[in-house]
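Just below is one structure, and these are the notes that go with it.
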Amino acid sequence: MKAKIQMKRTFIAFLCVALMLCVVPMSANAAKEMFTTYEVTSVSITGIDAPKAGDKFDFTAEEVSQKYNIVKVAWRQQYSSKYITSSSSTATTGVVYEVHIVLEVATPDHYFATTGERLSAVQSVTVNGQAATCSSYVDNELHGIDASKYEYDTTYKRYLTVCYTFPPAQAPEPVESVDF
């Protein structure tokens, strides 16, 4: 009787060990699959305030993914070639401004989706939940300060520039009364 109970305990222990050896690699592979999707096909940027006349431009931005990092935020007037990078610059009433956000992949294994012609193929790009555009082209004016950093990216897959056009800057509302 004792031998039979001992044999059952041994069998159950062996079965538990066998199940554990099967379950651990499955969960590890599932976690690995979750983090081995290195192609970035969607970009979402939040936390950028629309320019208001007389106020300073917002240079803070937040990325939603851990697959890319924000390298630089710059502004410019629509149809202008000069970027606004000074945090003390203010918006003018009625002027349309564009925000340009330079992104870099988080690790050497990540890459932004591109076409065969090395053009950006990132399918979904949003800024504050609104559709935006993107480009894998390196603009020397925007990237000029760190130009040497971008020279080795011959595949056009490590950096992406996101552009979003805000509506015209509105004048601040007048103060009608002040209570003391």
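Residue-by-condition table, conditions (1) outside any strand (DSSP E or B); (2) open to solvent by less than 80 Å² (accessible area, probe 1.4 Å); (3) at pLDDT 90 or above:
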| residue | (1), (2), (3) |
| --- | --- |
| Met7 | yes, no, no |
| Ser27 | yes, yes, no |
| Met34 | yes, no, no |
| Thr37 | yes, yes, no |
| Ile48 | yes, yes, yes |
| Asp58 | yes, yes, yes |
| Lys72 | no, yes, no |
Subset of the stretch 122-145 (residues that are touching a residue at least 24 places away in the same chain (Cβ under 8 Å), small (Gly, Ala, Ser) and out of contact with any Lys or Arg (no Cβ under 9 Å at 6 or more places or on another chain))
Ser124, Gly129, Ala132, Ser135
Quick check on Tyr68: is it open to solvent by less than 60 Å² (accessible area, probe 1.4 Å) and aromatic (Phe, Trp, Tyr)?
yes
Yes/no for Val99 being modelled with pLDDT under 90, surrounded by 12 or more Cβ atoms within 10 Å (Cβ to Cβ) and in a strand (DSSP E or B):
no
If you take the residues of the stretch 127-137 that are open to solvent by less than 60 Å² (accessible area, probe 1.4 Å) and within 9 Å of Val162 (Cβ to Cβ), which of them is modelled with the lowest pLDDT?
Ser135
Meets criteria (of a type in the set (A, V, I, L, M) and either in contact with a helix residue (DSSP H, G or I) (Cβ under 7 Å, 6 or more places away or on another chain) or in contact (Cβ under 8 Å) with a residue 60 or more places away in the chain (or both)) for Ala53
yes
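The values are calculated or read from the model by the stated rules, or taken from the named source; none is laboratory data. Everything numeric here is computed off the predicted structure, so don't read it as measured data. Here the Cβ is made from the backbone with ideal geometry for all residues, glycine too, and neighbour counts use every protein chain on show. Just the protein is used for accessible areas: all its heavy atoms, side chains included, with ligands, DNA and RNA removed. Shrake-Rupley method; radii C 1.70, N 1.55, O 1.52, S 1.80 Å.
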